[in-house]
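Worksheet: one structure, shown below.
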Amino acid sequence: MQVETVPIDSIKPRIGNTRYHPVYNIKLIKDSIQLFGQQRPIVVDSGNEIIAGSGIYNAMLELGYTTIDIVRSTLTDNVATAYSVADNKATDLSYFQPEEINEVLITAAANETPIPGWTESNLAGAKVDYVDPLILKPPPAPKGVVCPNCGTIQPIK
């Protein structure tokens with residue numbers, strides 16, 4: 001992958017982008033860019049249409065950037081759209097590990113290092129208690145009892 005820096009006005013939003021970035025999300029991305037700069041390129045197709053990174057693009061536009069870092073993908077049409085959706089879904093399914101993120105937040109607070117998206121109470125060392133909702137899903141109600149001898153399911157009467 002080769003990173004290129006191109007004029008931001010040469011980039012086009014993807015028609016039919018499935019991901020919506022509300023105002024508070026763009027603000028978070030803008031805060032991060034203002035603190036750290038653009039740390040990861042957006043992904044575009046051969047026509048400079050965004051495949052991944054529309055939030056970064058919108059934030060940089062609002063901040064008045066004139067250039068943006070990109071990588072060019074060879075994916076096209078439906079495959080590019082499928083990648084975009086998969087990329088976003090993969091992020092949605094991840095979560096912070098409580099012990100590790102608490103350590104990071106405590107260290108950031110001690111060093112007065114801002115972390116966009118985290119409240120002052122988080123940075124002051126308040127515990128982040130997050131449990132993956134997929135783990136907490138109750139198992140489906142049994143439709144029967146498994147026979148320990150043959151493994152067949154006997155209906156519950």
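Here are the numbers:
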| quantity | calculated |
| --- | --- |
| Qualifying residue in region 63-73 (condition: modelled with pLDDT of 80 or more and either more than 30 Å from Val3 (Cβ to Cβ) or exposed (fewer than 10 other Cβ atoms within 10 Å of the Cβ) (or both)) | yes |
| Residue within region 85-106 that is assigned by TED's automatic domain parsing to the domain that holds Pro7, at pLDDT 90 or above, surrounded by 12 or more Cβ atoms within 10 Å (Cβ to Cβ) and under 19 Å from His21 (Cα atoms) present | yes |
| Residue list for region 1-21, restricted to those being closer than 23 Å to Asn88 by Cβ and part of a helix (DSSP H, G or I) | Ile8 |
| Scope region 1-20; condition modelled with pLDDT of 95 or more and loosely packed, with under 10 Cβ neighbours inside 10 Å; matching residues | Gln2 |
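The values are calculated or read from the model by the stated rules, or taken from the named source; none is laboratory data. Bear in mind the structure is a predicted one, so any value in this text is a computation, not a measurement. Positions of Cβ are backbone-derived with ideal geometry, glycine not excepted, and every protein chain shown enters the neighbour counts.
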